[in-house]
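Undergrad: Handing you this structure, nothing more for now.
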Amino acid sequence: MASSPGGGPRTRVHVVSDVHGNAADLARARDGADALVCLGDLVLFLDYADHSRGIFPDLFGTENAHRIVELRTARRFEEARDFQRGLWAGIGVDRATAIETAVRKQYAELFSAFPTPTYATYGNVDVPPLWREYAGPGTTVLDGQRVEIGGWTFGFVGGGLRTPMRTPYEIDDEEYAAKIEAVGEVDVLCTHIPPEVPELVYDTVARRFERGSTALLEAIRRTRPRYSLFGHVHQPLVRRMRIGSTECVNVGHFASTGRPWALEF
């Protein structure tokens, strides 16, 4: 722990989200801090900035990745699904098996890179059942749960809400709201997705509104945590704003920046 100007101990926590395969920077993400908090999306299925990276181009090539990004960006989701079905039929392998094998390979590398201690929750592209296999003793996985770090209470809610993208860990609004309720009043509310505020959910590069949580927004207004930390939206219109007395911060697209956001108290 660092010392405060008055001489007392201070706690420094580094926070990351949307790691998307960046194991090298993840291994250094806790440097200079007492703990690392990770808000999910470890898996890299397809990099929208570099279409040659991820599970999809590894299986189907960069040109097909260009096409799937084009369809999704245009919100032509049914066409995108039909296109993918054709690709899977063409390579003649079991889709679920191939994806799980690729995800396991990424998880083995990423969980090995987690420093100790790490407190983590799932993103919408993560596969929660596999986390139990790969999380080591220095990594605490939380979802709808609380933990104390340096005298402050941190609450964690993982996953995303249902969308036409149909990513692996999307859940119903009611289930998500129940997890928010279970966390209750905390100093720092840690989620993968942002509260449902237009400036926080709009992605300026993808040119679309991602799904935020109304239940999360209501909890912020009701319980007034010191901080609401989240990721999910890689290039938001606004990265930081206040809702009442709560500082709301998008902690960044770690895959591209490689830099954690620091919280000191």
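The values are calculated or read from the model by the stated rules, or taken from the named source; none is laboratory data. All figures in this text were calculated on a predicted structure; none of them were measured in a lab. Because the Cβ atoms are built from the backbone with ideal geometry, glycine has one as well, and the counts that use them run over all protein chains shown. Surface areas here come from the heavy atoms of the whole protein model, side chains and all, with no ligands, DNA or RNA. Shrake-Rupley method; radii C 1.70, N 1.55, O 1.52, S 1.80 Å.
Undergrad: Å³ per residue of the Cα convex hull, for region 182-262?
TA: Taking the convex hull of the Cα positions in region 182-262, it is 85 Å³ per residue.
Undergrad: Evaluated at 20 °C with a viscosity of 1.002 mPa s, what Stokes-Einstein diffusion coefficient in µm²/s does region 84-192 have when Rh comes from the Kirkwood expression over alpha-carbon pairs?
TA: Here the translational diffusion coefficient equals 137 µm²/s.
Undergrad: I'd like to compare 42-49, 155-162, 108-115: which one has the highest average count of other Cβ atoms within 10 Å, and what's the full order after that?
TA: Ranked from most to least packed, the peptides come out as 155-162, 42-49, 108-115.
Undergrad: Now, a different point. Which cross-chain or sequence-distant (5 or more) residues have an amide H under 5 Å from the amide H of Val205, H modelled 1.01 Å from N in plane?
TA: Gln235
Undergrad: OK, next. Report Trp152's accessible area, 1.4 Å probe, all protein chains in place, as a number in Å² to the nearest 10.
TA: Accessible area, nearest 10 Å²: 40 Å².
Undergrad: Next question, about the same structure. Picking from Val251, Val16, Val147, which is most flexible by a Gaussian network model of the chain using Cα springs under 10 Å?
TA: Among Val251, Val16, Val147, the largest mean-square fluctuation in the Gaussian network model of the chain belongs to Val147.
Undergrad: Give me the Å³ per residue figure for the convex hull around the C-alpha atoms of the chain.
TA: Considering the Cα atoms of the chain, their hull volume per residue is 119 Å³.
Undergrad: Using only the alpha-carbon atoms, how far is helix 173-183 inclined from the longest principal axis of the chain? Give it as 0 to 90 degrees, nearest 10.
TA: 30 degrees
Undergrad: Something else about it: When the Cα atoms of region 29-151 are enclosed in a convex hull and the volume is divided per residue, what value in Å³ results? Mind dumping the intermediate values first?
TA: On the way: hull volume 16.6 nm³, N = 123.
Measuring per residue, one finds 135 Å³ for the Cα hull of region 29-151.
Undergrad: Per residue, how much accessible area does region 107-153 have with a 1.4 Å probe, in Å²?
TA: Accessible area per residue, region 107-153: 43 Å².
Undergrad: With contacts defined as alpha carbon pairs under 8 Å and 6 or more residues apart, what's the relative contact order of region 114-173 in percent?
TA: Dividing the mean separation by the residue count of region 114-173 yields 38 percent.
Undergrad: Grab the DSSP H runs of the chain that are 4 residues or longer, score each as -39,500 (n - 2.57), total them, divide by all residues and round the 222 nm result to the nearest 500 deg cm²/dmol. Display every interim value, and only then the final one.
TA: Numbers: 10 runs with 92 residues, N = 265.
About -10000 deg cm²/dmol.
Undergrad: Here's another thing I want to ask about it. Which order do peptides 92-104, 187-199 fall in by mean Cβ count within 10 Å, highest first?
TA: 187-199, 92-104
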